[in-house]
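Just so you know, all these numbers are worked out from the coordinates, no wet-lab data involved. All figures in this text were calculated on a predicted structure; none of them were measured in a lab. Quick reminder, even Gly has a Cβ in these numbers, built from the backbone with ideal geometry, and neighbours come from all protein chains shown.
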Amino acid sequence: MGDTAPNRLVSLDVFRGMTIAGMVLVNNPGGSPVYWPLDHAEWNGLTPTDWIFPFFLFIVGVSISISLGKRVAEKPDAKAYWKIISRAASIFLLGAALSIVPFFQFQASDAPDPLKILIWLTFCASLFFLLLRNYKVAAALCIVGLLGIAGMNLAGYNIIGYNYGTLHIAGVLQRISVCYLVTSLIFLHTTWKQQVGISVFLLLGYWLIMTVIPVPGCEVTTISDKACNLAAYIDRMILTENHIWRLGKVYDPEGILSTIPAIVTTISGVLAGTWLRRDEGGRMRDESSDSSLIPHPSSLEKANGLFGVGVALLAIGLIWNSYFPMNKAMWTSSYVCATTGLALLTLGFCYWLIDIKGYSRWAWPFKVFGANALALFVFTGFFARMIAAYRVTDSDGKLISVQRWVINHIYLPIFQPIDASLAFAISFILLWLFLMWLLYRKKVYIKV
């Protein structure tokens, strides 16, 4: 989801690239332990890693404001709604694909690992062409992959199908899709003042129901208990324990109720985008001339506005934290305010440094990452799963994953375990910087 406005905000591209690079970095450590900034807070609390997902939703909101801004001055037609719904559905299905491809249980199936990886790569290639909207090639590759699975069965290999009874229904991309869909519809049918009102109502309402409504089976309802809070209870009741995040066990970090405040994070991005889209003539880009009646800010005033509101929201989040603790997994209201404040400060700094001062050479890697942010997330997810699933024989004769072999034989002989983990993560992101650069230099932009 990118900015398609003629006067493109380079700072937004850089901010998007920084965020997705951070997401890939913390998602792919070389084992444990890791340095605390590269890990989530144990439960309540806030680390730099906990900033990343709300930053991404905030950026989605800014992009909504820019890409759909023209629709505000017009009556949205069926085509506009179809575009929003189909994009949201595509992102949701991408999230599901991360869980189910290659449609069989890798370690439980006894076919040779190279053959299984080949099938996996076929499905990945199919997805790549799907993102490029080359549907014929995508369909052909998908059929080849399915025929490959059937062929392994006919060859006598025991291919155990994916267990859909334990499918993780929620997920990062699934949450992004829901937040994109709901926020886009809100943006098309409300003013910025109404968006502020909706955000305040949702944050206060979430605080109220999470602290007042008792949870069945719990003596005390509290955000400090992973099981005894309303959001976790609803996840267990509706998604069931078989379909929530397996490491969470009693809660899902991208669960149902906690998606409500996540929508507010996305709306905050819309409001920031609305502020930045106000041009020097006082008009909203792509909007009607009526907006010329509204005083227009200069570029420096726009940056100052981002900084001012960012500081205020960060302060509100820190104060609210004493009553409703910051918690990424439950996406608490204080967490929304604090991370939105940090996002505004970061975007404001990038806007001032890049779009106002013109200092952008340092940001080249982040431009590369930002150009294909969603594709980077999807393909690094597939790649990480493959190198963790593919096994090789170690020096002691035991089978270990490719990832573990690389760490054991390249990084651990040089670094301490915590530094080896960091070095692997940095190498991982540099590898993908090179691969994304190959697309960037050819001006290949993969959008959903």
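When only Cα pairs below 8 angstrom with a gap of at least 6 residues are kept, the range 310-368 shows a relative contact order of 32 percent.
I'd like the distance separating the alpha-carbon centroids of the range 211-277 and the range 146-186, in whole Å. Going from one Cα centre to the other spans 22 Å. Averaging 1/r over each pair of different alpha-carbon atoms in the range 104-161 and inverting the result gives 11.6 Å, the Kirkwood hydrodynamic radius.
Each 10 Å bin from zero holds the following percent of Cα-Cα pairs in the range 1-128: 10, 25, 30, 25, 9, 1. Legend: P(r) of the chain from all alpha carbon pair distances, 20 Å bins from 0, whole percents, reading 23, 56, 21, 1.
Alpha carbon centre of the range 379-408 versus the range 113-129: separation in Å? If you average the Cα positions of each part, the centres end up 17 Å apart.
If you take all other residues with their beta carbon under 10 Å from the beta carbon of residue 390, and give Lys and Arg +1 and Asp and Glu -1, the sum is +2.
Shown here is the pair-distance distribution of the range 292-358: with all Cα-Cα distances grouped in 5 Å bins from zero up to the longest one, the shares run 4, 20, 20, 17, 14, 12, 8, 5, 1 percent. Quick one: among 37, 413, 48, which has the greatest mean-square fluctuation in a GNM of the chain with alpha-carbon springs under 10 angstrom? Looking only at 37, 413, 48, the largest GNM fluctuation is found for 413.
Comparing mean-square fluctuations of 185, 154, 94 from a GNM of the chain with C-alpha springs under 10 Å, the top value falls on 154. Measuring from each cysteine beta-carbon in the chain, the ones with no other cysteine beta-carbon under 4.7 angstrom are 124, 142, 179, 337, 350. Note: relative contact order over the chain, using C-alpha pairs below 8 Å and six or more positions apart, is 27 percent. Note on 142, 350, 124: ascending count of other Cβ atoms within 10 Å places them as 142, 124, 350, the fewest first. The Cβ shell under 12 Å around residue 47 holds other residues with a net charge of -2, Lys and Arg each +1, Asp and Glu each -1.
With a sphere of radius 15 Å drawn around the Cβ of residue 421, what net charge do the other residues whose Cβ falls strictly inside it have (Lys, Arg +1; Asp, Glu -1)? Charge balance near residue 421 sits at -1.
Hey, which of these cross-link pairs are over 25 Å Cα-Cα: 367/447; 83/357; 116/398; 136/443; 116/447; 83/302? Beyond 25 Å between Cα atoms: 83/357; 116/447; 83/302.
Taking 315, 140, 232 as the candidate residues, the one with maximal mean-square fluctuation in a Gaussian network model of the chain, Cα springs under 10 Å, is 140.
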